[in-house]
Amino acid sequence: MKKEDYKMAFVEDTKDWCFSFAPGRIEFLGNHLDYNGGDVLGMAVNAGIYCLGVPDCENKPPENTKSKNRFSLFSENFEDAVWEGKLDNIERQDEKFSWTNYCLGVLKELQERDLAPSEGFRLIFTSNLPTSVGLSSSAALELASALTILQLAGKSLPTKELASLCRSAENHFVGLPCGILDQGTSAFGKKDHLVHIDCKEEIFSNLPIPLDTKVWIFNTGIKHDLVDSLYSTRHQECMEALEIGQKSFPENDRLTKFTDEQIQSLSLPANLKKRAIHISQEQKRVSAFRNGLAEGLEPYELGKLLAESHDSSSLNFENSCSELDYLSQELNQLTEVYGARLTGGGFGGAVMAWTSKNFSQTNAHEIVFAYKEKFNETIDWHQFESSDGARIENLLEQPG
Ligand code: GLA
């Protein structure tokens with residue numbers, strides 16, 4: 001068969017297949033501001049999750065009505081086995097198949113809006129995104145699933161609603177009270193840009209990131225079982241601080257609106273006061289970064305805000321740990337590093353470093369070596385480029 005004939009046969013066989021990609025994200029600045037209605041800066045990275053959707057009923061005999069209700073999920077990256085379920089009975093999964101909850105939550109949200117296929121299908125995932133590194137593979141999984149399932153149903157959604165639906169899946173089905181940072185950044189990413197999100201109004205925009213700068217991730221690999229519950233505790237503490245603060249300052253509808261003086265004047269328990277200070281000052285740092293970027297401030301000036309953010313996370317929000325503090329401190333003293341800070345939820349995870357183009361792999365190895373000396377553990381590092389956001393991909397245009 002000639003190459004062109006192969007291609008035609010492939011096109012014929014795969015005409016109903018659907019394909020999407022969603023990138024991972026780096027939280028650039030704005031720690032724990034999203035669910036507090038603040039402003040955050042994220043960056044979509046050049047690695048993510050691909051999702052192929054194949055309608056299942058196409059070649060089945062019509063009497064096989066059972067298959068119409070069945071669908072399956074497979075990912076070689078998460079668990080090298082197929083998970084099967086029924087469209088009319090979607091339930092939370094545990095243990096080795098807990099990764100499917102991100103897809104199942106999305107499917108449920110789509111079903112509730114009448115945007116899901118009524119017949120069975122298969123979703124097949126593949127990923128070049130390192131997991132458990134703080135790059136939000138969960139949001140990438142949600143967005144890639146949503147885009148592919150929508151295509152299978154012959155439907156579509158505006159990007160903003162797509163991000164919001166995926167967040168809702170994570171809040172309600174997975175059960176994490178996260179904000180819109182992860183899904184919003186993965187959805188609205190743009191090459192050579194950061195994603196700015198006004199999380200109160202859910203307004204998304206892109207800010208050009210200075211060229212000749214690089215972004216690195218140093219992953220401690222520390223993740224303990226309590227991370228999700230510690231995240232929820234911080235969420236709860238912020239809500240409590242707001243409730244108490246509003247009794248004295250009812251005009252402030254969110255924690256980011258309080259000034260330092262107002263917070264100091266409140267009789268808050270010590271932990272709540274610290275959380276409130278972090279949120280209020282972190283919001284100022286995001287605004288200063290954004291304004292500085294617009295005014296053309298040098299990256300080494302802007303980068304100081306990242307280092308300050310880390311210190312505040314460590315001292316006030318108390319979501320750092322000695323390993324993250326060490327990495328941040330080591331990185332922030334290098335001239336090639338504009339700013340380094342813990343990224344994402346915290347309590348372990350990773351530090352991101354925004355650097356000049358002179359920061360090299362040798363520098364990265366030196367950091368890894370110093371960390372090994374200090375903690376007797378080997379950590380991994382990754383360098384990323386900014387990338388475009390979640391998108392439908394044309395199967396025939398994929399390399400290989
Ligand atoms: C996690 C959550 C985000 C955000 C960050 C902290 O990544 O998923 O919504 O709250 O933590 O800024």
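The values are calculated or read from the model by the stated rules, or taken from the named source; none is laboratory data. Since the model is a prediction, treat every value here as computed from it, not as a measurement. Heads up, the Cβs are rebuilt from the backbone with ideal geometry, glycines too, and the neighbour counts pull from every protein chain shown. Side chains included, ligands, DNA and RNA excluded: accessible areas come from the protein's heavy atoms. Shrake-Rupley method; radii C 1.70, N 1.55, O 1.52, S 1.80 Å.
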**Cα centre as origin, Lys/Arg/Asp/Glu Cβ charges: the chain dipole, Debye** = 280
**Percent accessible area from carbon and sulfur atoms, the chain, protein chains only, probe 1.4 Å** = 48
**Request:** Holding the Cα-Cα limit at 32 Å, pick out from K86/K160; K274/K374; K160/K247 the pairs that are longer than that.
**Result:** K160/K247
**Fill in**
Shape descriptors of the chain over alpha-carbon atoms, Rg and Dmax in angstrom, are 22.3, 80
**Prompt:** What number comes out for the charge environment of N46, summing +1 per Lys or Arg and -1 per Asp or Glu over other residues with Cβ under 10 Å away?
**Reply:** -1
**Asked** How far is helix 137-152 tilted, in degrees, relative to the longest principal axis of the Cα atoms in the chain, given as a value from 0 to 90 rounded to the nearest 10?
**Response** 30
**Asked** Hey, what's the Cα Rg ratio for segment 213-384 versus the globular rule of thumb, 2.2 N^0.38 Å?
**Response** 1.12
**Request:** Holding the Cα-Cα limit at 20 Å, pick out from K68/K108; K190/K223; K223/K273 the pairs that are longer than that.
**Result:** K190/K223; K223/K273
**Item:** Solvent-accessible area per residue, Å², over segment 213-384 with all protein chains present [probe radius 1.4 Å]
**Value:** 46
**Request:** Would you mind computing, in nm to one decimal, how far apart the modelled labels at H365 and S248 are, each placed 7 Å from Cα along Cα→Cβ?
**Result:** 5.5
**Fill in**
Distance in nm between A270 and E95 label points, each 7 Å along Cα→Cβ, equals 4.3
**Asked** Helix 227-248 versus the longest principal axis of the chain: what is the Cα-based angle in degrees, 0 to 90, to the nearest 10?
**Response** 60
**Message:** Please compute the length gained on full extension between S132 and I392, using 0.36 nm multiplied by the number of residues separating them and subtracting their Cα-Cα distance.
**Reply:** 91.1 nm
**Extension gain, K108 back to E240 (0.36 nm per residue minus Cα-Cα distance, nm)** = 44.4 nm
**Asked** Around A81, with a cut-off of 14 angstrom between Cβ atoms, what is the net charge of the other residues, counting Lys and Arg +1 and Asp and Glu -1?
**Response** -3
**Complete:** Cβ-Cβ cut-off under 11 Å around L141, Lys and Arg +1, Asp and Glu -1: the net charge is -3
